[in-house]
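A short write-up of the structure that comes next.
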Amino acid sequence: MKLKKTILAIAAVIMFVNTALAQQKQTLVIKPNQSVADVQPTMWGVFFEDINMGADGGIYAELIKNRSFEFNKPMMGWKVEQQPFVEGAVTVQNRQAANLPNPRFLRVQLNNATKERLSITNEGFRGMGIKKNLGYDFSLMYRTSANGIKIHIELLNAKNEIIGSTVTNITASTTTWKKQTASFNATATELKAQCRIWFEGTGTIDMDMISLFPEDTWKNRPGGMRADMIQKLADMKPGFIRFPGGCIVEGFDLSQRYQWKKTIGPVEDRQLIINRWNFEFAHRPAPDYFQTFGLGFFEYFQLAEDIGAEALPILNCGMACQFNTAELVPLDELDPYVQDALDLIEFANGDVSTTWGSKRAAMGHPAPFNLKFLGIGNENWGPQYIERLQIFQKAIKEKYPAIKLVTSSGTDPDGARFDLLNTALRNMNVDFIDEHYYRRPEWFLQNARRYDNYPRTGSKIFAGEWAAQSDKTVSVENKNNWLTAITEAAFMTGLERNAGVVHMASYAPLFAHVDGWQWKPDLIWVDNLNAYGTPDYYVQKLFSLNKGTHVVPITLNNDVLAGQDSLYASAVVDKAKNELVIKIVNASGREQVNTLSIEGVKKLASKGTLIVMQENDLSKMNTIDRPQDVAPTETTMDVKGKKFDYKSAPYSFSILRIKLLK
Ligand code: AHR
């Protein structure tokens, strides 16, 4: 009922035009030879944050939750079964100073143990997705007083039946920590499996970093990322990937800020922290949400390289989240934060002989990552932000003048907070201003001209976080439906038209787990086995795959097309392919016919490619079971000369690709 009302309200907004006009066949003039701006290779990118189980339980393919017993409750995610019960046989030990990043471990005392006697079972991240016949790599760190312990590893389906198992022998006692590995295949597919470990033998065994990974990770990297989720990103060919957030950069307080130096090197040395989305929303608590940093800055850089995207790391600027504690680092104590930024640039780009470049090399990447962009602060605001930013800007530009800095304009695209920052940032001539807009669908229609009058010189825009909210920001009722997607498409024609000003844009957030989300809407939804793109995903992907190289004019009565007759349009040429690419959004519920007049070119190919997303029902969504209900279709179209009619279906987004002939 609520959705119906919303859709009616939006429909009223988008059908505001004079119906008499709608009957006329109007001419859209396109001038492929008049390039008005370059389209930056970075134009369409992705925003990644560990929210909604995006990293742990998401793209980081580790299946064991709380593998190092460092969650606030050390046995969270684990179940101990003993038959008979022996007091004190299973304990959590704490090494404290002997291993500061990873102090706790599990001690199990075995006395002629068999299966019935002692097992520990891990529940995974809302279960474990297990695939029939796929190989799984188990590992753990151990030390033991026993000379011979058998460890049995079993995957269990929802009925507690075994769907894959192996046994690994620890033959000799050891007082130093060692790693044991075992691989085996699963015999069945299961969405919510668990992993049970049981023991045979007598003696004490200490265990830590108990881990299980599928073998089909992205690029088959051991301990790597979930391939199906990463493939969804690779398919978009994003121009950049922003990481690691988002609010997790700032942290609830400064102690919980994201510190990149604690996310590199051996995974067992990466100190986990609580994820601020664990407790941020009382209505969506996630008490088991932590950041293990198995996925850290090295892996993010590597991911960016894999998918051909520029890396865009965002660093804490000495301010904790201003929605939370808003703690500030005094200006005269900011040096370590600034040093982190300088060291990060060295980590990414430095020669292997440098301190931080050598750490990158030790992790397997001697060649530089060629970092070009760096964000200072996430959604920070106020004069306190500007004061801190000035210190960062001076230090970074002095040492690394070529690095482009991305700066925050706060949480909203207008209002006093935005105005103060926008003025100050432009006075500082910052490279990029990051704008965020989580707004209702009608905002996206009404703001298709937002950037038409932005200054063409000085700071450029990074439209860093945005998504149409079918209900309201952070509402659990928000949906990813055709209404949100088509209004975003309309707005994106305005971004594309202004590619001379907007150099980067990304929807947010990126991923959400159907059982573990905190924030809606999100671009890509997953369960433990499947990932699907929302209608919004397909819109993003289409803009990215059809971004062209140069913006060219498309006009109606000498005006840009940004809502007249509920039509929105932009055009680019792809000089590498010698193609004209026209994007038209018809945000009305009626078919509209326009004459397309392509001027100033010699000849067009007689066939073109037509890609269309169309859906009469604005509330239509994709789901795990029906992932393609709202998705593009691609056909070949006839091009009859340089002037021809194009019919935009009701509620449609069309892309026409036509070769320009000499
Ligand atoms: O994308 C979700 C959150 O929205 C981000 O963490 C934050 O930057 C914004 O408020």
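Some values worked out for this structure:
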| item | result |
| --- | --- |
| Net lengthening on full extension, Asp419/His283 (0.36 nm per residue, minus Cα-Cα) | 45.7 nm |
| Listed peptides 90-98, 77-85, 243-251 by packing density, highest first (mean Cβ within 10 Å) | 243-251, 77-85, 90-98 |
| Region 211-259 - convex hull of alpha carbons, volume per residue in Å³ | 123 Å³ |
| Net length gained if the chain between Asp515 and Thr202 were fully extended (0.36 nm per residue, minus Cα distance) | 108.7 nm |
| Inter-site label distance for Leu331 and Leu100 at 7 Å from Cα along Cβ, in nm | 3.0 nm |
| Computed over the chain: relative contact order in percent, which uses C-alpha pairs under 8 Å that are six or more apart | 17 percent |
| Listed pairs Lys359/Lys397; Lys541/Lys662; Lys132/Lys178 exceeding 27 Å between Cα atoms | Lys541/Lys662; Lys132/Lys178 |
| Given charges at beta-carbon only (K, R positive; D, E negative), |dipole| of region 495-595 in Debye | 280 debye |
| Förster-model FRET efficiency, 25 Å R0, Phe323 and Lys131, C-beta, rounded to 0.05 | 0.05 |
| Candidate aspartates and glutamates for bridging to Lys179, where Cα separation is under 12 Å - those fewer than 8 sequence places away on the same chain excluded | Asp206, Asp208, Glu268 |
| Lys/Arg +1, Asp/Glu -1 at C-beta; region 83-168 dipole; positive extreme among Ser165, Met128, Val90 | Met128 |
| Calculated on alpha-carbon atoms, Rg and Dmax of the chain in Å | 27.1, 89 |
| Of all accessible heavy-atom area on region 78-214, the percent that carbon and sulfur account for (1.4 Å) | 46 percent |
| Whichever lysines have a C-alpha closer than 27 Å to that of Lys25, once near sequence neighbours (fewer than 8 apart) are set aside | Lys583, Lys602, Lys603, Lys607, Lys640, Lys642, Lys643, Lys647, Lys659 |
| q = 0.19 Å⁻¹: log10 I(q)/I(0) that the Debye formula gives for region 78-214, counting C-alpha atoms only | -1.14 |
| Solvent-accessible heavy-atom area per residue, rounded to whole Å², over the chain at 1.4 Å | 38 Å² |
| Size of charge dipole - region 289-388 - debye, nearest 20, with Cβ of Lys, Arg +1 and Asp, Glu -1, no other charges | 200 debye |
| Region 78-214, dipole about Cα centre (Lys/Arg Cβ +1, Asp/Glu Cβ -1), debye to the nearest 20 | 220 debye |
| For the chain, with +1 on Lys and Arg beta carbons and -1 on Asp and Glu, the positive-most of Phe199, Gln109, Pro313 along the dipole | Pro313 |
| Ordering of 361-368, 322-329 by burial proxy (mean other Cβ atoms within 10 Å per residue, highest first) | 322-329, 361-368 |
| Protection proxy ranking of 486-492, 42-48, 284-290 - average other beta-carbon atoms within 10 Å, highest first | 486-492, 42-48, 284-290 |
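The values are calculated or read from the model by the stated rules, or taken from the named source; none is laboratory data. From a predicted model like this one, the values you see are computed outputs, not experimental measurements. Cβ sites come from the backbone with ideal geometry, for glycine too, and all protein chains shown count toward neighbours. Surface accessibility is based on the protein's heavy atoms, side chains included, excluding ligands, DNA and RNA. Shrake-Rupley method; radii C 1.70, N 1.55, O 1.52, S 1.80 Å.
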